[in-house]
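Please read the structure below before turning to the comments.
The values are calculated or read from the model by the stated rules, or taken from the named source; none is laboratory data. Not measured: the values here are computed from a predicted model. Here the Cβ positions follow ideal geometry from the backbone for every residue, glycine too, while neighbour counts run over all protein chains shown. The area values use the complete protein model at the heavy-atom level, side chains included, leaving out ligands, DNA and RNA. Shrake-Rupley method; radii C 1.70, N 1.55, O 1.52, S 1.80 Å.
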Amino acid sequence: KQLTIPDNSMMNDWQFIFGVATSAFQIEGQSSTRQSTIWDTFCHTSGAIVDGSNGDVACDHLTHWRDDVSLIDSLGVGAYRFSVSWGRVLNHDGSVNTKGMQFYLDLLTELEKRNIKAFVTLYHWDLPQALENNGGWLNRETAFAFEQYVDVVSKAFKGKVYSYATLNEPWCSAYLGYEIGIHAPGISGKQYGKKAAHHLLLAHGLAMQVLQKNSPESQNGIVLNFSPCFAASTNQADIDAAKLADQHFNHWYIKPLIEGKYPDIIDALSPDHQPDIKVGDMDIIAANLDFLGVNYYSRSVYRSCEQDEFKLVAPATFSVTQMGWEIYPQGLSKLLIDLNKHYTLPPVYITENGAAMNDEPIQGKIIDLDRVAYFNTHLAAVDTAMKQGVDVRGYFAWSLMDNFEWAEGYEKRFGIVYVDYQTQQRTLKESAKQYRNMLLNR
Ligand code: PNW
């Protein structure tokens, strides 16, 4: 089946933005020309990355960026979502790394020339190691350091950016990085996750004030990842477990951003698991959002569990991607419709959606029909939500090209473009060709 926009969809409207997404650490390489980050350190911790790889070269995008932009342009997309590496634009002493800054300015100029809107993410997990050495996101000061960095960047990028996202997926940074330790900086302890999350959200709020001042013309917001929570059975205990997980993973982030308060479960947290909330913090966090970025990959199913209150249930193996994530497009419609019901949402962008599939080239061709099917069903799911009144303005495929998939290294390929890491050659997969055709036929 061909990749198509659903019939009578508002996605056929030219106003609706289709794009592709990447992030700095995952593609840039040339790690020696920027500050070292927590991911560099984590990659050099034995056992942290499944294939023992790192981001030193990645897609060597810093060398190939002009070709990569032509590639993006050739797909016919209207927007490119990428992230800025904090440690590439600022040196340890706070001075500007002029070469690093120039790279992003050149990239923005090239996108502008080609009429591709720039969706800039200011933090996609690559915290400078120097800041981690002072406590990283467990230290409130990191939020103010982020505010400074955003000030420098948003002044330098003046007028060139269509949209800024402060943070990508603070849940991943806080929970995976500081509570269970499977992402950088690899810290674990129940007492850390919510503390880190609060400082991340504070950093977001402080950055929003800066963006409002330096770049009021751009769409300024944040990108969250959501995984709708389902109960493993109709037993009340499982239903309660799923509800609780939903409060911890999803509402913990969106509720303070929209309503200026954490979910009620905060009262049940043991005192040492509580975040350190200072007077005024919640107002800063609840800054008005021009948009909400929603990243969706899969749903999560929970059952009750004595020791832990809830436990994640592994999905049936026949319906999963290479990540082991269940393919469940209905979850995306339900997520959007439920969020729209619960909250007064700003306009929404699907800032990431995609799948890791097994796509080794056969005679030079990568016929990734499973990925095409994934995009088809998920675009239909977005359309269903739009027809029920959710204000979705755009959709970004994750990812433009295969790249460094964090703890999974290079083994998992999310790209619609194949990367041969030996030669750095890029080859359009069938999904990229179909994405292009879909946009051509719009
Ligand atoms: C996102 N989870 O990460 C990131 O924004 C991307 O950089 C990444 O490449 C992509 O999704 C694919 O993994 C996630 O455990 C990592 O639920 C983990 C989870 C969700 C999102």
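Semi-axes, largest first, in whole Å: what does sqrt of 5 times each Cα gyration tensor eigenvalue give for segment 286-442?
Output for segment 286-442: semi-axes of 28, 22, 15 Å.
On the accessible surface of segment 147-233, probed at 1.4 Å, how many percent belong to carbon and sulfur atoms?
Carbon with sulfur: 51 percent of the solvent-accessible area.
What percent of all Cα-Cα pairs in segment 309-368 falls in each 10 Å bin, counting up from 0?
Pair shares across the bins are 16, 33, 32, 15, 5, 0.
Normalised by the number of residues in segment 302-442, what is the relative contact order in percent for Cα pairs under 8 Å and 6+ residues apart?
Numbers: 190 pairs, mean separation 31.5, N = 141.
With pairs under 8 Å counted, the relative contact order is 22 percent.
For segment 133-220, take N as its residue count and report Rg(C-alpha) divided by 2.2 N^0.38 Å.
Compared with the compact-globule rule of thumb, segment 133-220 sits at 1.16.
In Å, what is the Rg of the alpha-carbon atoms in segment 366-440, and how long is Dmax?
Spelled out, the Cα radius of gyration and Dmax of segment 366-440 are 14.3, 47 Å.
In segment 151-207, if the dipole is taken from +1 on Lys/Arg beta carbons and -1 on Asp/Glu beta carbons about the Cα centre, which of His198, Gly159, Gly181 is farthest to the positive end?
Most positive-ward Cα: Gly159.
Solvent-accessible area per residue for the chain at a 1.4 Å probe radius, Å²?
Spelled out: the 1.4 Å probe surface of the chain, per residue, equals 40 Å².
Among the complete DSSP H segments of the chain, which ones combine at least 24 Å of alpha-carbon extent along their axis with a mean Kyte-Doolittle hydropathy of -0.5 or more?
What comes out of the filter, once short or polar helices are dropped, is 190-214, 369-387.
Could you tell me the relative contact order of the chain? Use alpha-carbon pairs under 8 Å, at least six residues apart, and round to a whole percent.
Relative contact order here is 19 percent.
Mind jotting down the distance between the C-alpha centroids of segment 108-149 and segment 271-346, whole Å?
23 Å
Taking segment 222-337 on its own, what percent of its Cα-Cα pair distances exceed 21 Å? Don't skip to the answer; put the middle values down first.
Values: 3116 of 6670 pairs.
Percentage above 21 Å: 47.
At each listed q (0.07, 0.13, 0.14 Å⁻¹), what is the log10 of I(q)/I(0) that the Debye formula gives for the chain modelled as equal alpha-carbon point scatterers?
-0.31, -1.23, -1.48
Could you grab the relative contact order for segment 82-193? Cα pairs under 8 Å, six or more apart, rounded to a whole percent.
After rounding, I find 25 percent.
Go ahead and set up a Gaussian network model of the chain, Cα springs under 10 Å, then flag whichever of Asp51, Asp267, Asp308 fluctuates most.
Asp308
Roll a 1.4 angstrom probe over the protein heavy atoms and tell me the percent of accessible area of segment 1-119 that is carbon or sulfur.
Carbon and sulfur: 49 percent of the exposed surface of segment 1-119.
Pull up the cross-link candidates among the lysines for Lys433, meaning alpha carbon to alpha carbon under 19 Å and not fewer than 8 places away within one chain.
Straight-line reach from Lys433, under 19 Å: Lys1, Lys365.
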